[in-house]
Amino acid sequence: MAQNNTHRAVGRAVTPVGTARRALRGTGSAAVLGTVVIGSALLAGPAQAAPAGSPAAPAVAAQASAPTAPAPAHATSALAAEKLRWGSQGSSVEQLQTALNEHGASLSVDGKFGKLTHGAVKDFQRSHGLKIDGIVGPETRGALNGGASTSGGGTSAPAPSNSATNSQQAIVDAARSQIGASYSWGTSKPGVSFDCSGLSSYAYGQAGIDLPRTSSQQVAAGTTISKSEAQPGDLVVWPGHLGIYAGGDTVIDAGRTPGAVTERTIWGSPTFVTFR
């Protein structure tokens, strides 16, 4: 003879199905939130259970407690205040490339300031009546930022005159470490042989600055300055030849004569090029 199932755990409350369904119909989405609140209370123990008949917490309260999603980085970031030039890398260059793309360029946003980014900067400078040097300083940055010459209201600190920064000293030290290597056109083999631009690209690379390979490209990528403005690590340039300014009246270069990397006295009337 069939019997009703009476095997229920002792003390377990059973919610009538009909009552629960009617409650859900009456409260809509709030009933779901109410279920979560009540369920959490049950899990926490009887002492924290919501009293019978308490209204469900309004959905607005849950929404107010949720954190606001941050704005996209590109919406709030401004172009960094440091000078950017051929060889610069990092997030500041990514911001620059994004800004240039918004002004009509078609650059890969890879954070590497190379030939294409250099050309896009020059095109932007040309179209905005700026000095066409391929370097993103305060004026170019201000034009890209819509008239703000600095980011975050700050100002760019001027470079110290006639003294080498850590990166510039690293360039000089790297060049000096190759003194004695032989001269060989078209090579850049540390401890073995260099040509003039091979030595400069190697030395700058040791300081984390990526220069183009040939001397003409290096000169075009930098900014010509006077000797009084030159600092150790800048380039000393003659027609068809260049070296690394070591301070005072000396240059480190890989020359056909004497056929090796040497540090010697500057001769003639060279120009100076900087990437600072």
Read phi for every residue in the stretch 117-123 and hand back ³J(HN,Hα) as whole Hz from Karplus 6.51 cos²θ - 1.76 cosθ + 1.60, θ = phi - 60°, with x for Gly and Pro. 5, 4, x, 5, 5, 4, 4
Considering only protein heavy atoms and a 1.4 Å probe, what is the carbon-and-sulfur percentage of the accessible area of the stretch 213-276? 56
Once all protein chains are kept in place, Tyr183 shows an accessible area at probe 1.4 Å, nearest 10 Å², of 50
Applying the Karplus parametrisation 6.51 cos²θ - 1.76 cosθ + 1.60 with θ = phi - 60° to the phi angles of the stretch 95-100, what ³J(HN,Hα) value in whole Hz is obtained for each residue in order, glycine and proline being reported as x? 4, 4, 4, 5, 5, 5
Residues with amide H under 5 Å of Gly247's amide H, sequence separation 5 or more or different chain, H placed in the peptide plane at 1.01 Å from N; which? Gly233
Kindly write out, for the stretch 179-191 in residue order, the coupling ³J(HN,Hα) from the Karplus curve 6.51 cos²θ - 1.76 cosθ + 1.60 (θ = phi - 60°), rounded to whole Hz, with x marking Gly and Pro. 4, x, 5, 6, 8, 8, 4, x, 10, 8, 10, x, x
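The values are calculated or read from the model by the stated rules, or taken from the named source; none is laboratory data. Nothing here was measured: the structure is a model prediction, and the numbers come from that model. Ligands, DNA and RNA are stripped out before the accessible areas are found, and what is left, the full protein with its side chains, is counted by its heavy atoms. Shrake-Rupley method; radii C 1.70, N 1.55, O 1.52, S 1.80 Å.
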